[in-house]
1. List, in order, the whole-Hz ³J(HN,Hα) value for each residue of the stretch 105-112 obtained from phi through the Karplus relation with A = 6.51, B = -1.76, C = 1.60 and θ = phi - 60°; use x for Gly and Pro.
2. Amide H of GLU163 versus every other amide H placed in the peptide plane: which residues, excluding those fewer than 5 positions away on the same chain, fall under 5 Å?
3. Let me know the charge dipole size of the stretch 94-166 about its Cα centre in debye, to the nearest 20, where only the beta-carbon of Lys, Arg (+1) and Asp, Glu (-1) is charged.
4. Give me a comma-separated list of calculated 3J(HN,Hα) values for the stretch 50-65, in order, Karplus coefficients 6.51, -1.76, 1.60 applied at θ = phi - 60°, integers in Hz, x for any Gly or Pro.
5. Based solely on its DSSP helices, what 222 nm [θ] is calculated for the chain when runs of n ≥ 4 H residues each add -39,500 (n - 2.57) and the sum is averaged over all residues, nearest 500 deg cm²/dmol?
6. How many nm separate the modelled label positions at LYS15 and ARG89, each set 7 Å beyond the Cα in the direction of the Cβ?
7. Place the peptides 4-14, 121-131, 107-117 in order of packing, highest mean first, counting for every residue the other Cβ atoms within 10 Å and averaging per peptide.
8. Given the chain, what percent of its DSSP beta bridges are antiparallel, to the nearest 5?
Amino acid sequence: MDLKELIRDVPDFPKEGIVFKDITTLTKDAEGFRAAVDRIVERYADAGVDAVVGIEARGFIFGAVVAYRLGVGFVPARKPGKLPAETVRAEYELEYGTDAVEMHRDSIAPGQKVLIVDDLLATGGTAAATAELVEKLGGEVVAIAFLVDLAFLNGRAKLPDCEVFCLVEYDSE
């Protein structure tokens, strides 16, 4: 199954000149959604993963199901101020300013092998910050899996020490 065929382009969203890759057309397709999850699970079934971290928000969709299928726990990486207990935080650069992700301080145990899952790799900042959090808590990032890689934005460059696995790649908008 060609997952790329199930992803819709939405021109000029969220602003003029951007072509948004809309994965909701894939997630609503039972076979496409199953195929995407299955491919990630198959890739990491024997990797000794102890936990899956999903990045807010669409990383939750895939990360939770992958964790369930691997028989491991799921940990959310959230935008600041969304988690109720003590957190750790990592900031990353945006085009104009910074943003951050947070995880609960007790979400990853030292030595745990972690698979990070998100829907889209663009500039790599969010994924790099999430990997930093996992390592700050003593975990080991096994890999970072994405549904979509916008390769023309060179996000992999911010993840030089991580295995990066993508199901669909776009070389241009």
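1. These are the phi-based 3J(HN,Hα) values: 4, 9, 7, 10, 8, x, x, 5 Hz.
2. ILE144
3. Details: 5 positive and 12 negative charges, 25 e Å.
For this selection, approximately 120 debye.
4. Ordered by residue, 3J(HN,Hα) equals 9, 7, 10, 9, x, 8, 4, 10, 6, x, 5, 4, 7, x, 5, 5 Hz.
5. Numbers: 4 runs with 44 residues, N = 173.
Using -39500 (n - 2.57) per qualifying helix, the result is -7500 deg cm²/dmol.
6. Computed distance between label sites LYS15 and ARG89 equals 2.4 nm.
7. Working: 4-14: 12.6, 121-131: 22.8, 107-117: 20.8.
Highest-to-lowest ranking by the protection proxy: 121-131, 107-117, 4-14.
8. Values: 13 of 36 bridges.
Counting DSSP beta bridges with both partners in the chain, the antiparallel share is about 35 percent.
Where a number appears in this text, it was derived from the coordinates with a stated rule and is not lab data. What you see is a predicted model; the values in this text were computed from it and never measured. Glycine also receives a Cβ, built like all others from the backbone with ideal geometry; neighbour counts cover every protein chain displayed.
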